[in-house]
Amino acid sequence: MKPRPSRTWVVTAALLFAHGAPLMAQSAPQWNGPRALRLVERARELRASQIVDSTFQSYQASGRGYVYFFFDRPTDGERALVKADQVALDIYWRAPNETRQEIVGQRDEKILPTDIRYHIDHLTVVQDDFGDFIRIGDGDEVEAVLHPVGPASEQAYDFWLADSLSISYAGGAEEVRVYEVRVRPKVFEAPGFVGTIYLDRATAAIVRMRFSFTPASYVDEFVDHIRISLDNSLWMGRYWLPYRQEVEIRREIPMFDFTLGSVIQGRFDVRGYDFNVELPDRLFAGSRVAAASLQQRSQFQFERGLFDDLEEQGIDTSPSLEAVELEVREVVEDRALSGMAPLRLYLPAISEVARYNRAEGLWLGGGLTFRPTADLTMRPSGGFAFGRKRASGSLVTSFGVGSLAPTLDFYWDRLGDIGGYPGAEPLVNTISAVSGEEDFTDPYFRRGGALTLRGREPGGVTLGVRWEEHVGALDVVSDDPADTGFRPVRTIDEGYLGAVALNVPVGLPGGGRLRTTAEAGRLDDGNFGALRGDARWILRDLASRWHGELSVGGGAVTNDAPVQSLYLLGGRWTLPGHDYRSFVGDRYWLARGELTIPVVPPYVGVRLLGAVGATYLDDRSLPVDWVRQDSDGLRGSVGAGLSIGWDSFRVDLAHGVRGGGWEALVSVSEQFRGWM
């Protein structure tokens, strides 16, 4: 998949350009102006007149679509594909208002185990712009929300004639002049439509709708939000009929904020219209949606592959649905439209509930999420380290300012880790440390605060400023630190540190992504600088299930940088087969690659892995309890292993090249590590 720039900036720029200077110059929206209300009335009259239009009696068409089911983490924008469906529809309509859809083709594939079953309207298209009342999920998700041009809609909604502009339709082949009308409910505490409708200037027909709903609209308490984008196309010179439709339904657990959600995303196109054809009465008897037999649906010859759309569009939210979010935000301002309660328990990862390591012993904790408005989220959390006999805590506040989403973070005794690369998943580290085998952290503690500036979409450019105290850690779980299976806790340079860091992602050829970080800071009386870059390529064929990864990283810190900013290589996730974190450097580089090939998909796959890298230390002074050793040239690793259960669990065996031995590695897939 080709890398794309941060869509927030692209979509924002496009909307500003389309709206033009007159809109930007308006000081405040003029709701319920006479022109806006008359335009809505014209749209309603047109919908009624089409029912009795003698020149338009019927049509049949074909629909093609994809439905995806993801897990996602909104904090970092990461998504994991769970299941993909491809659907083919035969679509019929007959005056005055009879509709029929038949699912004639369907195939699916599970990337991760799931028993999800879709509502029938998730697998079909909307033929009449939802009619007078909007239902989603057969009424289980949204039930009977009044359409903005439904009967007496002026009594339920406010309307603002925002602008007159040109938009493209039919895949960009045609343009039409439209009025942009923004819609909000008069009572936000009631079920209602929130968004924008685009009406043809000549006829007031609906050309496009981009919208969401008020929280009270959601029947299912698990629904976080629903976003919908409908595009129509002009036929016979006067009829706007379905062309492209997208929907996103996101769910979370109502009581807990795990920073984990599930997303159903559907994308459908409608083509091949044939008008005023004879349609038999039996076609409209019974249900409005029918399906061919399972055998017939599975034998349908699709024109495109099951994963073709995903390979082209990517796994991220489409520009159309991102535009829905932006336009809805402009309508509701700072109101929260999530179906989730404003106050929930905050449990971002298993290790934020319970963990064990040699610097804290057993640590137990938890937190709360408080979201009073759409642009303000506060997450206080804390815990107690029983081995250290000390409490720790933090308050993370995220808020929106225009196109920015700053984060203010205050923390006390937050656990830090030296080395530059994580040693193990926190849950795996806890299991290993409890058993007395290995603690994969090199811990110290941080006290202070940080401000991070970023765009609203995760994964873009960030600028961070931090001021914090660094405090060394001790082994609090070993009775005799000189006689323990744990590695000694490394001494750090303690003191007060101030730093500013710029993080910039860059797209690379071949679908790669480079993330560079430049930092300048001061610890007590010493100034320092650091520069690091990490490039990564993900190679995959979803259809045949093989996938691979290639990453290249490197960095350097100045001679006055604190020792906790040095790089450590060796062992798991860096150079497996060499002693864990045995190579120290103020400069380093590391290249890693892995390939997973299915053998009995999706249950078992074979893995191949390799790595090569080096650290450089020169004459830098280190604390006496550090082993002063760089890599003394190139070091490498080769290995193989098994991927088990949808590639969620991995067992590898690697050997260090040039001075190493054998090492067994147990890990989980990277897409699950953030929740551990």
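The values are calculated or read from the model by the stated rules, or taken from the named source; none is laboratory data. Only a predicted model underlies this, so the values are computations on that prediction, with no experimental measurement involved. Here Cβ is always computed from backbone atoms with ideal geometry, including for glycine, and neighbour counts include all displayed protein chains.
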Name the single residue, out of those in the range 604-646 being aromatic (Phe, Trp, Tyr) and under 29 Å from Leu474 (Cα atoms), that is modelled with the highest pLDDT.
Tyr616
Do any strands (runs of 3 or more DSSP E) lying entirely in the range 483-542 carry at least 2 residues that are among the β-branched types (Val, Ile, Thr), and which ones are they?
495-508, 512-523
Given the options Gly339, Gly361, Gly305, Gly314, name the one that is of a type in the set (Gly, Ala, Ser), in contact (Cβ under 8 Å) with a residue 24 or more places away in the chain and within 30 Å of Val489 (Cα to Cα).
Gly361
Residue check: is His578 part of a loop (DSSP other than H, G, I, E, B), touching a Gly at 6+ places or on another chain (Cβ under 9 Å), surrounded by 15 or more Cβ atoms within 10 Å (Cβ to Cβ) and not charged (D, E, K, R)?
yes
Met378 being within 19 Å of the chain's Cα centre (by Cα), outside the structural domain of Tyr66 (by TED's automatic domain parsing) and either closer than 30 Å to Leu542 by Cβ or modelled with pLDDT of 90 or more (or both):
no
Gly610 fails exactly one of the following numbered conditions: (1) without any contact (Cβ under 8 Å) to a residue 40 or more places away in the chain; (2) over 28 Å from Asn429 (Cβ atoms). What is the number of that condition?
(2)
Got a sec? Which of Glu180, Glu175, Glu189, Glu98 is within 20 Å of Arg329 (Cβ to Cβ) and surrounded by fewer than 16 Cβ atoms within 10 Å (Cβ to Cβ)?
Glu189
Considering residues of the range 61-83 that are of a type in the set (A, V, I, L, M) and touching a helix residue (DSSP H, G or I) at 6+ places or on another chain (Cβ under 7 Å) only, the residue nearest to Asp128 (Cα to Cα)
Val67
Would you check which residues across the range 443-454 are surrounded by 18 or more Cβ atoms within 10 Å (Cβ to Cβ) and either in contact with a Pro (Cβ under 6 Å, 6 or more places away or on another chain) or at pLDDT below 95 (or both) and list them?
Arg454
For the list (1) touching a His at 6+ places or on another chain (Cβ under 6 Å); (2) closer than 13 Å to Val328 by Cβ, I need the number of the one condition that Thr214 fails.
(1)
Could you tell me which of the residues Leu345, Leu415, Leu395 is hydrophobic (A, V, I, L, M, F, W, C), assigned to a strand (DSSP E or B), closer than 25 Å to Pro458 by Cα and in contact with a Leu (Cβ under 7 Å, 6 or more places away or on another chain)?
Leu345
Applying the selection to the range 613-631, what residues are hydroxyl-bearing (Ser, Thr, Tyr), closer than 15 Å to Gly660 by Cβ and free of Cβ contacts under 8 Å to residues at least 60 places away in the same chain?
Thr615
Selection from the range 95-145 of residues that are without any contact (Cβ under 8 Å) to a residue 24 or more places away in the chain and farther than 20 Å from Val247 by Cα
Asp115
